[in-house]
Amino acid sequence: MDATRKISNLALIGFMGTGKSSVGRLVADQLHFTFLDTDDVLVSRAGKSIAEFFAQEGEAAFREKECVLVQELVPRTRTVISTGGGLPVNPANLTSLKTHALVMCLWASPEKIWERVRGQNHRPLLHDPDAFSKIRALLAAREPFYRQADVLVNTEMRSLREVAHQVIHQFRLALSGHR
Ligand code: S3P
């Protein structure tokens, strides 16, 4: 990684169900950083759930709000930013995050993701009669974007605590290379 990179924050990217929010909270707690979840901010700004947002205003409108929010994050410091699963598909978002954050991707196989999200109902993109095939196809399409993260962390065989531990370890390693 470029030694001149400024790393004031930690951004977690990755597919739905990889544990970004849960891991992000644990990591923020341990680093004494602020925790920010882009989905939570957008839900509270819109005054409606993501499912309602998608149904009433469409996915493109959601992506625009997401992009505006990413730009607002630039001045932040000491923040763990957990991002919505589709956010890094817009290259401008990843470019912007990398100006101030170390970007880590939490990774899992489609099978594992399906196991984790199948009982949940709040993600409009998974409201599909064949949600598993949808996960496989979306993940394959997004993989090139997720792979642009600075660090890839496999969550497959790890508990949330173990993933958080690994994330903190990688973050500290990256910071030590920047002193
Ligand atoms: C999305 C993921 C969701 C949320 C929205 C769209 C996606 O966030 O932003 O439902 O496109 O993958 P999580 O990854 O936190 O579930």
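The values are calculated or read from the model by the stated rules, or taken from the named source; none is laboratory data. Please read all numbers here as calculations on a predicted model, not as lab measurements. Every residue, glycine among them, receives a Cβ derived from its backbone with ideal geometry; neighbour counts consider all protein chains shown. Accessible surface areas use protein heavy atoms only, side chains included; no ligands, DNA or RNA. Shrake-Rupley method; radii C 1.70, N 1.55, O 1.52, S 1.80 Å.
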**Item:** Percent of alpha-carbon pairs separated by more than 12 Å within segment 48-96
**Value:** 66
**Fill in**
For Lys112, the lysines lying under 18 Å Cα to Cα, once residues fewer than eight places off in the same chain are dropped, come out as Lys20, Lys134
**Prompt:** Can you give the Kirkwood hydrodynamic radius for segment 1-71, in Å, rounded to one decimal and based on Cα pairs?
**Reply:** 14.0
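More than 20 angstrom separation, counting every C-alpha pair in the chain; what % is that?
52
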**Request:** Run the accessible area of the chain with a 1.4 Å probe and give the carbon-and-sulfur part as a rounded percent.
**Result:** 52
**Request:** Give me the distance in nm between label points sitting 7 Å out from Cα along the Cα-to-Cβ direction at Asp2 and Glu115, one decimal.
**Result:** 3.9
**Mean accessible surface per residue for segment 112-168, computed with a 1.4 Å probe while every protein chain stays in place, in Å²** = 61
